[in-house]
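These notes are about the structure you will find just below.
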């Protein structure tokens, strides 16, 4: 009122208010400047070297239209192709998305990243109606908490999972669904006798497969993976919560497995078992003894003991499956393909909470999502995994996860495994603890390139089906332990055709062995990265590796700490080819770089399409040794188009604690 | 129509069809022969490597008669097959030109693009006009390929078309234009090329740098002298590289001046160019430049050049 009556006072008051606001904003602006994110050593290195070469970090970028963009391209891959250096932050975010004992969080993040560019919205799982939710069973077991858990399982196994799968397939005809089970399977399978085929026979197979691909492209967008994957994740989340509660009760003695099993009601002959919760057809509840399961199941719950699972799966009649084993050294032995955390046009969940387990399975197994969602979660123990093709964390039009929380584990597979993503798919293997061994290969010969080498397509590998369909995301994360990675052709943070391959190892002295297209390599419009944070590591291979990008692709290897040894023959260690970008960054440690051909390594870019590629070799610290182009405290520009390197001390010796002799 | 006319017409039709049947049959046979050879010619398997070259030679020996079939094969989605087609057409050479030019109006832009690609290898002055016509094609890849072909063919008449392509909205087309200007030796475009040294796309920047080295050096140096202090650092930085390569007295003087820049990166570019141009330090600038350098990493860049020439 006073101000309204006196305009001058009003003006003065407003001036004072403005002054106060301005004064209060100054510290805010200053603090914003002060809190500006520091540039990471690797990004400093990239900026510094590119400037020296007459380039800039933004030059590491690819167009989306070198070929006709297809309808299956993942938005996250498209974005990263535009700025491939973003792979470094993306890997960090994906690593951080895993929360111990909560695999559903990582699964949810990956589900978000499976958004295709054309998608405006994401579909939800099937929502049961009230009648379906209120479905009543007669009780077989007498423990209320356990019955509540089983009721929830029944809702998923009987209603939500199968109907969500149906929702994903709803727009496809019966013939098209059959095509997914049969012809499309051939597209992700390599004949194991192809080295004995004639040129005409191979050409014929190639033509047939091209025909399959063209046929699928004509209706593939009708398949909607979202309801299936999101239903699987919802199921995982709910069951995991309920299971946590149940396990706590069992451990505290509030409830006892023996009492639950012994307290079950007696069912006279002729009783309709399907009306009793826990004993429906395809269900099995096992006690704490050593149990043997054979055949095909929808749901198995085992309280403990050293169990054997000799299971089978009808690939022509896919069904969703949940297996939960609380403890014991178990043996999972697949009698067919499509087992143990396998979503083959379905949802497959396997949760094993304790024990040293052995998993042996064929193809589409052990955390495989093929037009489906599959997760194998192993919480503890020294485990052994063996699969053939599309296994151990593999996804095609789906999500496949293999998560192992602890123990010294051995992973063995033939192809498309250990973190492999194909079209609209993500395959992730996440191992948290223990010194592990990853091996892939030995079965499918690489007839295009070498008679004596095998295809791997694994260990953080992703691929599309050129030129029809962009690929997915394949990632292998290992957080602790001294690990060994053994593969042959296409592996260890590599990819092909509009995809993203990631191998990340956080700690330990690791050994990486591969032959070609590996260890941070992208070939043909795609992205691959290998990032190792700590430990004294060994990288070994022949060519197109250790930071190599070929044909509008980017391959990046980043080793942040430790005294490392890199050995490769040619077109490696920062080699860019056919307008690709190859980057090697080693932030710290006394490293050794060995190569065979100095003309195609250590900052090499070859000319193609009348311009160059980019090769960036960056070592930011330590007393290093090489038989290539670099030297300590040295900048170089190779005669190639375009590339070079730096081997400098990012932090000058006099500025380090150790550097002060006084 | 009289009975006589009907008989005459029927007889004529019969004769025509009798003439055409063997012709169509021969065409089918040729098609089958080329298809069969092409499977071997485009085989990628290691074991069948020895079959590839003979098959390519055999198809090429057919000559222009194989062109319609080969142009159809340019629609293949397999890069290996497309490269095989290109190899065969390269071997056929000049007789392939009429079919390739005719295909520049093909409705499938991929085929147009690939015909431009191979015309760059076999084309002559007769294809300049047809290529100019597609140099403003709606697809950037066709524009890029057409401009590249014009540069590679290297005959007069295409200069202005290529010059215009330096302003294309797509970096890869600007790159092709810069390369083509160098190949054509089109000195009038030097100011535009210097401008492209600051291009957002590295392919264009680097191509421009190389093209400038092929053109009249005195004009290049004069133009660069006016542009070294451009707001776009790349123009000056890459300009230093060009001056270092040219290494004339005027170029060296310009570089020497740049070693006193307030920007340490520019000082490094200038000093590196100077030292590379004068590895024996005939001009005696080396010590003074190193001594004056206060920035640790800039000094290291300069010293690295000396170590590389040791």
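The values are calculated or read from the model by the stated rules, or taken from the named source; none is laboratory data. Small disclaimer: the values here were computed from a predicted structure and weren't measured. Neighbour counts run over all protein chains shown; Cβ positions are idealised from the backbone, glycine included.
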| task | Examine the range A:243-261 for a residue that is closer than 30 Å to residue A:337 by Cα and part of a loop (DSSP other than H, G, I, E, B), and state whether such a residue exists. | result | no
| remark: Those residues of the range A:46-83 which are within 14 Å of chain B (Cβ to nearest Cβ) and not in a loop (DSSP other than H, G, I, E, B) amount to A:46, A:47, A:48, A:49, A:50, A:51, A:52, A:57, A:58, A:59, A:82
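Take the residues in the range A:613-635 that are facing chain B (nearest Cβ under 8 Å) and surrounded by 23 or more Cβ atoms within 10 Å (Cβ to Cβ); name whichever of them is nearest to the chain's Cα centre (by Cα).
At the first step, the residues of the range A:613-635 found to be facing chain B (nearest Cβ under 8 Å) are A:614, A:631, A:633-635.
Filter again for surrounded by 23 or more Cβ atoms within 10 Å (Cβ to Cβ), leaving A:614, A:635.
On the way: A:614: 27, A:635: 36 Å.
Residue satisfying both the conditions and the ranking: A:614.
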| All positions within the range A:111-140 that are modelled with pLDDT of 95 or more and assigned to a helix (DSSP H, G or I) | A:111, A:112, A:113
| said: Name the residue that is nearest to residue A:72 (Cα to Cα), counting only residues in the range A:471-506 that are within 18 Å of the chain's Cα centre (by Cα) and within 14 Å of chain B (Cβ to nearest Cβ). | reply: A:497
| query | Within the bounds of the range B:220-232, is there any residue that is surrounded by 24 or more Cβ atoms within 10 Å (Cβ to Cβ), within 14 Å of chain A (Cβ to nearest Cβ), at negative phi and under 31 Å from the mean Cα position of the chain (by Cα)? | reply | no
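Would you check if there is a residue in the range A:151-164 being over 30 Å from the mean Cα position of the chain (by Cα) and within 26 Å of residue A:322 (Cα to Cα)?
yes
From the list A:189, A:241, pick out the single residue that is outside the structural domain of residue A:345 (by TED's automatic domain parsing), under 24 Å from the mean Cα position of the chain (by Cα) and closer than 30 Å to residue A:298 by Cβ. Give the steps one after another, and end with the answer.
Working: A:241 fails: outside the structural domain of residue A:345 (by TED's automatic domain parsing).
Exactly one of A:189, A:241 is outside the structural domain of residue A:345 (by TED's automatic domain parsing), under 24 Å from the mean Cα position of the chain (by Cα) and closer than 30 Å to residue A:298 by Cβ, namely A:189.
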| task | Name every residue in the range B:196-219 that is farther than 18 Å from residue B:254 by Cβ, more than 11 Å from chain A (Cβ to nearest Cβ) and either at pLDDT below 95 or surrounded by fewer than 22 Cβ atoms within 10 Å (Cβ to Cβ) (or both), in order of residue number. | result | B:214
| task | Go through the range B:129-152 and count every residue that is within 14 Å of another protein chain (Cβ to nearest Cβ) and either under 19 Å from residue B:193 (Cα atoms) or surrounded by 23 or more Cβ atoms within 10 Å (Cβ to Cβ) (or both). | result | 11
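Find the helices (runs of 4 or more DSSP H) located wholly in the range B:175-266 whose residues include 2 or more that are under 29 Å from residue B:143 (Cα atoms), and list them. Quick ask: steps written out before the conclusion?
Working: elements: B:190-196, B:202-212, B:217-227, B:233-246, B:249-258.
Fully inside the range B:175-266 and qualifying: B:190-196, B:202-212, B:217-227, B:233-246.
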| query | If only one of A:567, A:523 is at pLDDT 95 or above and farther than 30 Å from residue A:215 by Cβ, which one is it? | reply | A:567
| message | Scan the range A:413-425 and tell me whether some residue there is touching a strand residue (DSSP E or B) at 6+ places or on another chain (Cβ under 7 Å) and surrounded by fewer than 24 Cβ atoms within 10 Å (Cβ to Cβ). | response | no
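Could you tell me whether residue A:140 is in contact (Cβ under 8 Å) with a residue 24 or more places away in the chain, buried (at least 17 other Cβ atoms within 10 Å of the Cβ) and in contact with a strand residue (DSSP E or B) (Cβ under 7 Å, 6 or more places away or on another chain)?
Numbers: in contact (Cβ under 8 Å) with a residue 24 or more places away in the chain: yes; buried (at least 17 other Cβ atoms within 10 Å of the Cβ): yes; in contact with a strand residue (DSSP E or B) (Cβ under 7 Å, 6 or more places away or on another chain): yes.
The answer is yes for residue A:140.
Mind telling me which of the residues A:93, A:151 ends up being away from chain B (no Cβ under 14 Å) and touching a residue at least 24 places away in the same chain (Cβ under 8 Å)?
Numbers: A:93 fails: touching a residue at least 24 places away in the same chain (Cβ under 8 Å).
Answer to the check: A:151.
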| task | Kindly establish whether residue B:39 is modelled with pLDDT under 90, crowded, with 18+ Cβ neighbours inside 10 Å and under 30 Å from residue A:454 (Cβ atoms). | result | yes
| field | Complete set of residues in the range A:345-380 that are in contact (Cβ under 8 Å) with a residue 60 or more places away in the chain, in a strand (DSSP E or B) and closer than 15 Å to residue A:188 by Cα | value | A:369, A:370
| task | Test each condition in (1) buried (at least 17 other Cβ atoms within 10 Å of the Cβ); (2) in contact with a strand residue (DSSP E or B) (Cβ under 8 Å, 6 or more places away or on another chain); (3) at pLDDT 95 or above for residue A:108 and report the one that comes out false. | result | (2)
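Residue-wise test of (1) within 22 Å of residue B:306 (Cα to Cα); (2) surrounded by 24 or more Cβ atoms within 10 Å (Cβ to Cβ); (3) touching a strand residue (DSSP E or B) at 6+ places or on another chain (Cβ under 7 Å).
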site	(1), (2), (3)
A:568	no, yes, yes
A:574	no, yes, yes
A:584	no, yes, yes
A:597	no, no, yes
A:640	yes, no, yes
A:650	yes, no, no
| message | Scan the range A:143-162 and tell me whether some residue there is under 24 Å from residue A:221 (Cβ atoms) and either in contact with a strand residue (DSSP E or B) (Cβ under 6 Å, 6 or more places away or on another chain) or buried (at least 17 other Cβ atoms within 10 Å of the Cβ) (or both). | response | yes
| query | Inside the range B:276-291, can you point out the residues that are in contact with a helix residue (DSSP H, G or I) (Cβ under 9 Å, 6 or more places away or on another chain), away from chain A (no Cβ under 12 Å) and either buried (at least 19 other Cβ atoms within 10 Å of the Cβ) or not in a loop (DSSP other than H, G, I, E, B) (or both)? | reply | B:277, B:286, B:289, B:290
